[in-house]
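The values are calculated or read from the model by the stated rules, or taken from the named source; none is laboratory data. This one's a predicted model, so the numbers in the text were calculated from it and none came from an experiment. As a convention, Cβ positions derive from the backbone with ideal geometry for all residues, glycine included, and neighbour counts pool all protein chains shown.
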Amino acid sequence: MASYSSDKDAYLKRLRRIEGQIRGLQRMVEEDKYCIDVLTQVAAATKALQAFSLELLDEHLATCVVQAAATGGEEADQKVREASDAIARLVRS
């Protein structure tokens, strides 16, 4: 079971809001809005996705990684490696 299952509705609500931002960007381009205005909205959507990612990562670290670390062994090593890789991907984006 995913660590975010208890907050699934809240996560979906945030993602729907972000989806709305992306649709708004599409409309802006269709309507030939000013480039800087479009870029401003791209930055807002990017920030919203980053905030979502960080919250999900925090949830993962606090549950999946902590539980695996308590158990120890290969699973713990794998969870830490996965989290480290995910953090690296977020930093590069």
(message) Among the residues of the stretch 74-85, are any closer than 16 Å to Ala2 by Cα, aliphatic (A, V, I, L, M) and surrounded by 15 or more Cβ atoms within 10 Å (Cβ to Cβ)?
(response) yes
(message) Just the residues that are small (Gly, Ala, Ser) and touching a helix residue (DSSP H, G or I) at 6+ places or on another chain (Cβ under 9 Å), please, taken from the stretch 34-78.
(response) Ala44, Ala45, Ala48, Ala51, Ser53, Ala68, Ala69, Ala70, Ala76
(message) Checking the structure you have, find out if any residue of the stretch 55-62 is among the small types (Gly, Ala, Ser), surrounded by 11 or more Cβ atoms within 10 Å (Cβ to Cβ) and assigned to a helix (DSSP H, G or I).
(response) yes
(message) Six or more apart or on different chains, Cβ atoms under 6 Å: show the pairs whose first residue is in the stretch 3-26 and closer than 25 Å to Thr40 by Cα and charged (D, E, K, R) and whose second is at pLDDT 95 or above and part of a helix (DSSP H, G or I).
(response) Arg14/Phe52
(request) State which residue is surrounded by the most Cβ atoms within 10 Å (Cβ to Cβ) when the search covers only the stretch 1-42 and only residues that are hydrophobic (A, V, I, L, M, F, W, C) and under 26 Å from Leu61 (Cβ atoms). (result) Ile18
